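The values are calculated or read from the model by the stated rules, or taken from the named source; none is laboratory data. Everything numeric here is computed off the predicted structure, so don't read it as measured data. For neighbour counting, all protein chains shown are included, and Cβ atoms are generated from backbone atoms with ideal geometry for every residue, glycine included.
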C-alpha cells in the first residue's frame with residue numbers, strides 16, 4: 001500500500017452502543033482526488049462510520065490518519081480544522097438568511113471586534129462561482145431550488161478549503177437534470193484534488209460517477225472494488241448477503257379488465273389526461289420532475305380540484321372532490337413524502353397502521369384493544385415490518401420499514417386502487433426488493449396499482465404499461481405486450497421530443 005496516495009485511512013474502527021457492536025473492525029481508505037461510493041442497507045453502519053469521521057461520535061478503538069498523520073477527531077470543529085466536511089441529507093440552512101450568511105453561520109470572519117461582511121461575501125461568491133450557480137450570495141436561501149440549496153451546503157466546505165467531503169444521499173430530493181449538474185460539479189472538485197465519499201442507494205448514478213465502491217453489511221466492510229471491477233448484481237449480493245436473481249419479482253403482471261378510466265381530465269397543472277387502468281395491473285407513470293405525475297395523483301385522490309374531465313370506476317362515473325370521496329370509491333394514495341404526508345412519525349406503528357380503520361375497533365368512547373391488536377399483528381407480519389414492538393415510534397424505523405407501515409395502513413383499509421408515488425424513494429436496496437415483491441403480490445391479489453417513479457429501471461421492470469408525461473400532458477403510452485421498454489424511447493417522450501399521435 002502506497003501511503004502517499006491516501007488522504008484518509010480509517011483502520012480497525014470499532015464502535016458499540018449499549019453493548020451492541022455497530023462497527024466491527026472497519027477499515028476504509030480514500031485516495032486523493034477519488035470519488036468513493038459507500039453503500040449498504042440501512043443499519044449497515046455507514047452513518048456511524050461517517051459520524052466518527054465528522055467528529056459527531058467518538059470511536060471506541062482504531063486509528064484515523066489524515067495526510068499521513070494520526071489524528072483524533074473529537075468534535076465537528078476538529079473535523080473542519082482537518083479540512084473534512086460532511087454534507088448531510090437533511091439540508092440545514094436558515095431560509096431567511098442569505099447564501100453568504102448561511103455559509104459562514106457560526107464561523108463568521110472578523111475584522112477586529114466586528115464581522116467582516118465584505119470578506120465573507122467575497123469568499124462565498126468565489127465558492128458559488130466555482131459551482132457555477134450564477135446567483136449573487138446576497139440571495140435569500142428560501143428563493144433557491146432544493147438543488148441550489150444542496151450546492152450551498154457544498155459551498156460551505158469549499159469556503160473552508162475542505163479536502164475531504166462526505167455527501168449523504170445528495171440527489172434524494174433533486175431532479176434528474178439537477179443531478180446531472182451536481183455530477184459535473186463533483187467531477188470538477190475531483191480534478192481539483194478533492195476527495196469525496198459518496199453515500200447513495202442509487203446504484204445507477206454510482207456506476208456513472210464513482211471511481212470505487214465500498215460495501216458495508218452488519219457493521220463490517222464486505223467489499224471494496226474499483227467500479228470497473230464489479231457490476232450491479234455483485235454489489236447487491238454483497239449488500240444483502242445473498243444473490244438476488246429476481247430483484248424486481250414477477251415482471252409485467254397483466255391486468256384483466258378495465259377498472260378505472262380517466263377521460264379529458266384537466267386543471268391548472270394537467271391538460272387533457274386520458275388513460276385506463278386494468279384490474280391486477282401495475283401501470284407505471286414516468287416523466288421528469290414537473291411533468292405532472294404527482295399532480296395527477298393528487299387530482300385522482302381529491303387533493304387538487306378537477307376543472308374538466310370525468311373519472312369512471314367500473315364504467316360508472318365517480319366524483320373525487322375530496323380524499324374522503326376518493327377513499328369511499330376505493331382509491332388510496334401512498335404519497336411521495338411519507339415523512340410529511342404519510343405518517344405521524346412521533347406516533348407508534350400501531351397508531352399509524354390503524355389510523356384509517358378506527359371504526360373497526362372504536363365504538364363511542366370504547367376501544368376494543370384486542371381487535372385493534374389483531375389488525376396490527378396481521379399487517380405487520382404480512383409485510384414483515386422490522387420493529388422492536390408495535391408501540392415503537394415510526395421515527396425510529398428505517399425508511400423501508402416506514403414505507404411498509406404506510407402500505408400496511410392502506411391495506412388494512414382495503415382500497416381497490418392504490419396510487420404509489422415514489423414507493424421506494426429513500427430506502428435501501430434490500431428494502432426495495434421487498435417492496436417490489438410486495439407490489440407484485442398485491443397485483444396478483446387483484447389490486448390495481450398506479451406506480452409513479454423517477455427511476456426508469458424500476459418503472460421498466462415493474463410495469464405492464466408505461467404512461468409518459470411531459471409538462472402536464474401524456475405524451476406516450478407504451479405496452480410491454482407490444483414493445484420492449486427502452487430507456488431512450490421513454491426519455492424521448494419525457495422531454496417532449498416525441499409525442500404519440502393518440503396523445504395529441
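Some points to look at:
- Filtered residues of the stretch 42-82 (kept if more than 19 Å from residue 214 (Cβ to Cβ), outside any loop (DSSP other than H, G, I, E, B) and in contact (Cβ under 8 Å) with a residue 40 or more places away in the chain): 61, 80
- Selection status of residue 92, more than 19 Å from residue 164 (Cα to Cα), assigned by TED's automatic domain parsing to the domain that holds residue 224 and either in a loop (DSSP other than H, G, I, E, B) or out of contact with any helix residue (DSSP H, G or I) (no Cβ under 8 Å at 6 or more places or on another chain) (or both): yes
- Conditions (1) part of a helix (DSSP H, G or I); (2) at pLDDT 90 or above; number of the one not met by residue 306: (1)
- Filtered residue count, the stretch 181-197, keeping only those that are over 22 Å from the mean Cα position of the chain (by Cα), crowded, with 17+ Cβ neighbours inside 10 Å and modelled with pLDDT of 90 or more: 3
- The residues on offer are 330, 287, and the sole one that is on the phi > 0 side of the Ramachandran plot and touching a helix residue (DSSP H, G or I) at 6+ places or on another chain (Cβ under 7 Å) is 287.
- Close pairs from the stretch 96-112: first without any contact (Cβ under 8 Å) to a residue 40 or more places away in the chain, partner outside any loop (DSSP other than H, G, I, E, B) and loosely packed, with under 12 Cβ neighbours inside 10 Å, Cβ under 9 Å, at least 6 apart: 111/118
- Flag if residue 8 is assigned to a strand (DSSP E or B), in contact with a strand residue (DSSP E or B) (Cβ under 9 Å, 6 or more places away or on another chain) and under 11 Å from residue 216 (Cα atoms): no
- Being surrounded by 21 or more Cβ atoms within 10 Å (Cβ to Cβ), modelled with pLDDT under 85 and out of contact with any helix residue (DSSP H, G or I) (no Cβ under 7 Å at 6 or more places or on another chain) holds for only one residue in 44, 127, and it is 44.
- All positions within the stretch 376-428 that are out of contact with any helix residue (DSSP H, G or I) (no Cβ under 9 Å at 6 or more places or on another chain) and farther than 26 Å from residue 298 by Cα: 377, 381, 396
- Odd one out for residue 275, checked against (1) outside the structural domain of residue 474 (by TED's automatic domain parsing); (2) surrounded by 17 or more Cβ atoms within 10 Å (Cβ to Cβ); (3) outside any loop (DSSP other than H, G, I, E, B): (1)
- Output for the stretch 76-104, where each listed residue is farther than 21 Å from residue 135 by Cα, modelled with pLDDT of 85 or more and surrounded by 15 or more Cβ atoms within 10 Å (Cβ to Cβ): 76, 79, 80, 82, 83, 84, 85, 86
- Single condition residue 37 does not satisfy, out of (1) loosely packed, with under 14 Cβ neighbours inside 10 Å; (2) in a strand (DSSP E or B): (1)
- Considering only residues in the stretch 476-501 that are touching a helix residue (DSSP H, G or I) at 6+ places or on another chain (Cβ under 8 Å) and assigned to a helix (DSSP H, G or I), the one that is surrounded by the most Cβ atoms within 10 Å (Cβ to Cβ) turns out to be 490.
- Enumeration of residues in the stretch 358-368 that are surrounded by 14 or more Cβ atoms within 10 Å (Cβ to Cβ) and part of a helix (DSSP H, G or I): 360
- Single unsatisfied condition, residue 134 versus (1) modelled with pLDDT of 85 or more; (2) more than 27 Å from residue 68 (Cα to Cα): (1)
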